[in-house]
Amino acid sequence: MAQKEATVYVLDLGRSMGEKRHGRSKSNLDWAMEYIWDKITTTVATGRKTSLVGVVGYRTDVTELDGVLEDSDGYDNIHVFSRPKQFLLSDIRELQDNIKPSSTNEGDEPVLGALAVAIHMIDKATEGKTKKPLKFDRRIVIISDGYGELDTSDLDGYVSKMNQEDAKYDLTLLGVDFDDPDYGYKEEDKDSVKEENETILKDLVNNCAGNFGTLAVAIDQLDIPRTKDTRAVPSYKGTLTLGDIRNYEATLTMDIERYPCTMIAKPPTASSFVVRAGLDDQAGAGPSTQSTATAAGDASGDAQLPGGDLSAVRNQRVYKVENPEEPGEKMNVEPDELERGFEYGRTAVHISESDMNVVKLETDPSFELLGFVPEEKFERYLPMSRTNFIVPQKANDQAQLALSSFVHALYEAGCYAVARLVTKQYKPPILVLLVPHIKGDFEALIDVELPFEEDIRRYKFPPLDRKLTVSGKVIAEHRDIPNDRLMQSMSDYVDAMDLSTFDLDDEGEPDEYMKFEDTYSPLLHRINHIIRWRATNNTYDKLPDPPRILTKYSVPPIDLIAQAQTHLDALKEAADVKKVPPKVKGRGKRSLRDREKPLSGLDVDELLGNPKRVKIDSQNLIPSFKQALAATDDLDAIQSAADDMSKNIKSLIRSSVGESGYGRALEAIRVMREEITELEEPEIYNAFIRGLKIDILNGSLQGDRREMWWRIRGSKYGLIDRKRSFASDVTEEEAAEFYKRS
């Protein structure tokens, strides 16, 4: 359950608060309200009805106590803007219109009188039916510039009231341009009245064990995101057992409790609203997805929309089935008339309630140890969930001793435990891994969920240290495989970008630059920052820049980059990094991988039902050959396409009248050579070109075709050697010799 709290903000609205001092572009009041709006909007964002907020102003033009005190004598120039209540967006808008500097600096005991009013307001708001104080966190925040007369005759009474045991108050006083030695600020030529008031107020706050400081510190700390501490709720309370406790006595039983280690903080979700237009009168409206309090607050706060009020969008779910009496029409059915079904492929499999009861496991809450596994044999990729703490039952010394012994036994043996967990009755069991955790005086087990066989998906990926061709040949040297020099250069560069010792601590010693406790989620806190800003800025101007602390760690430090530049240059040289011009769409070579991934991301051939093996068309030779290679990665299909291409090339040469068909045949050879090289199967092409050379020189293609051979030699379309493809067994000397032989 969330803690109840009541906070009253006491604001100095004297004429002096409207002044701009010490070179600030804002008045003292506007500067102070940055802090007040941040605190109020943070409270409103929680949506908790037990978080009460009140606002009191002093040194105001009028006196308005709103019935807080029966006798208003001695409380002149004090204005109660709002009694403690749950604040909504409409209350923020109303408060913005009323918070303004007054035309007076008068007031009878201005600060102390407003403090007395605030105490009385909180007492009334937090008392029960029997007039006894309820369990609330009581807070009073005072913003003042320190001007005005103070009567110190009753300070002891304030201290006694705020320190009472049954209703203790937390007092915070922030002063405009107050001296703060810890912050390193001291106002020069300070007014004597303000200096005296600072001393009095500081003593008052110290006697109440409160917080006293200058407003500048509070403003600077607004950019630091506030983390939310949630009360841990146990997900299991019971026993951790080893052995069958139902049938045997020689078992181990420990009373334990299970709590989450960490929880994911998610940003607030958006809510949908429509302009209210008689929606409440519509029949059949489903339940609202927004609470009434929040919807009312948002509705009345947004005056930009026509009509002024908003209504939460309401959802209604209707089930329809085919009407057997009227073909083509559908009819509504009630949810209780439906039965459960599960998707199996594209088929809906119906399972009746009776069948569900047969396969449903009847489980009872339990936590049973199944076995143990050595620490070094546990694979780190197996955990499936967030972690939880297993601690002994509270106020149970025997359970604490038993669990402590078990934790130390696992730790000393270097083992983890595997257990079966059922947190609630009839809930499916899960397997968890138990890891011993010992840190100082805290001893516990940390559990994480393990997968069942059905949860594991096994995928095969090519190795990183070698390359395999389609035929299974192993290539140790390849352009995609890093050499020793590149590996060393990368290692040096990673070491040069080390953040663990880049920063300096308070004593000037090396320290970690990016500590875990100093990093925050930009998504979560930026959205909350914008929501708070928008609540107090009813405009659609440009959004404010994100706080520096959220973007500080988004890029490496400039000094560190400069230090590692030499290692980066060495890495570029070792990797032979060159700037590649952008590819022109529709031109240049494209690999098989590129062809398999079109710009649309869709496999058009698969959608159209085209076969994976494309037949080579002699009338459309080159495009059909490329399509055949793009449609498959099977070696037999590639060989088949190459054989068909070979037959068509020889057919072009054989049927050529003179040299009329040599050009088409030569272009087909070029395309075949490039495509096969990109597939890293050079032996397919080499076998083809060797056979083609023999057929040409032996006159097997219907006549003397030596002119075709001279064209092949002139175009350098001979054997694919190792220089062109790492997968080739042909050396450069053998490739050159291939052209010379006749």
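With a Förster radius of 35 Å applied to the beta-carbon distance between TRP710 and LEU464, the computed FRET efficiency rounds to 0.15.
Cross-link reach is defined here as a Cα-Cα straight distance under 23 Å, omitting same-chain residues fewer than 8 places apart; for LYS740 the lysines meeting it are LYS650, LYS693, LYS716, LYS723. Taking Cα atoms, how many degrees apart are the long axis of helix 484-496 and the longest axis of the chain, rounded to 10 and kept between 0 and 90? Relative to the chain, helix 484-496 is tipped by roughly 10 degrees. Subtracting the Cα-Cα distance of MET490 and ASN105 from their residue separation scaled by 0.36 nm leaves 131.7 nm.
When the chain is described by a simple charge dipole with +1 on each Lys and Arg Cβ and -1 on each Asp and Glu Cβ, the residue from MET356, LEU88, ALA419 located farthest towards its positive end is MET356.
Checking the table LYS49/LYS131; LYS131/LYS168; LYS515/LYS572; LYS266/LYS394; LYS26/LYS190 against a 27 Å threshold on Cα-Cα, which pairs fail? Mind showing how you got there, number by number?
Numbers: LYS49/LYS131 21 Å; LYS131/LYS168 16 Å; LYS515/LYS572 30 Å; LYS266/LYS394 31 Å; LYS26/LYS190 20 Å.
Pairs exceeding 27 Å: LYS515/LYS572; LYS266/LYS394.
Straight-distance candidates among the lysines for linking to LYS320, with alpha-carbon spacing under 19 Å and chain neighbours fewer than 8 residues away dropped: LYS330. Computed over region 5-223, the range of Cα coordinates on each principal axis works out to 53, 39, 35 Å, biggest value leading.
Report note on the peptides 341-350, 59-68: ranked by the mean count of other C-beta atoms within 10 Å, highest first, their order is 59-68, 341-350. By the Kirkwood approach, averaging reciprocal distances over each pair of separate Cα atoms, the chain gets a hydrodynamic radius of 35.7 Å. Basic side chains Lys and Arg get +1 at the Cβ, acidic Asp and Glu get -1 at the Cβ, and with that the dipole of region 499-572 about its Cα centre reaches some 820 debye. Spacing of the modelled spin labels on ILE438 and GLU127, each 7 Å from Cα toward Cβ, amounts to 5.6 nm. Note on GLU362 and ASP61: the model spin-label points, each 7 Å out from Cα along the C-beta direction, lie 7.8 nm apart. Using the Cβ-Cβ distance between LYS186 and ILE446 with R0 set to 45 Å, the FRET efficiency from 1/(1 + (r/R0)^6) comes to roughly 0.35.
Placing unit charges on the Cβ atoms only, positive for Lys and Arg and negative for Asp and Glu, gives the chain a dipole magnitude near 4900 debye about its Cα centre. Sorting the segments 354-360, 617-623 by their residues' average number of neighbouring beta-carbon atoms within 10 angstrom, most packed first, yields 617-623, 354-360. Once the Cβ-Cβ distance of ASN538 and ASP633 is raised to the sixth power relative to R0 = 60 Å, the FRET efficiency obtained is 0.50.
In the chain, the longest principal axis of the Cα atoms and the axis of helix 292-301 are about 90 degrees apart. Summarising the label geometry, the points placed 7 Å from Cα in the beta-carbon direction at THR731 and ALA476 lie 1.8 nm from one another.
Full extension of the segment from LYS740 to GLU573, taken as 0.36 nm per residue of separation minus the current Cα-Cα distance, would add 56.3 nm. Length gained on full extension, ASP518 to GLU195: 112.6 nm, using 0.36 nm per residue less the C-alpha separation. With kT/(6 pi eta Rh) evaluated at 37 °C and eta = 0.692 mPa s, and Rh the Kirkwood radius from Cα pairs, region 592-740 diffuses with a coefficient of 202 µm²/s according to Stokes-Einstein. Between 0 and 90 degrees, rounded to the nearest ten: what's the tilt of helix 397-413 against the longest Cα principal axis of the chain? Value to nearest ten degrees: 30. Find the centroid of the Cα atoms in region 46-105 and in region 723-742, then give the distance between the two in whole Å. Computed from Cα coordinates, the inter-centre distance equals 92 Å. Between the alpha-carbon centres of region 174-214 and region 660-690 there is a gap of 88 Å.
Annotation: the antiparallel percentage among DSSP beta bridges lying fully within the chain is about 70.
Given an 8 Å cut-off on Cα distances and at least 6 residues of separation, report the relative contact order of the chain as a percent. This gives 7 percent for the chain. Under 24 Å of direct C-alpha separation, and excluding same-chain neighbours fewer than eight residues apart, LYS427 reaches these lysines: LYS237, LYS360.
Restricting attention to region 708-742, which trypsin sites (Lys or Arg not before Pro) occupy a DSSP loop and are surrounded by at most 10 other Cβ atoms within 10 Å?
Here the sparse-neighbourhood loop sites are LYS716, ARG741.
Taken together, the values in this text are just the output of simple stated rules run on the coordinates, not laboratory data. Since we're looking at a predicted model, the values are computed, not measured. Counting neighbours? That spans all protein chains shown, and the Cβs are built from the backbone with ideal geometry, glycine included.
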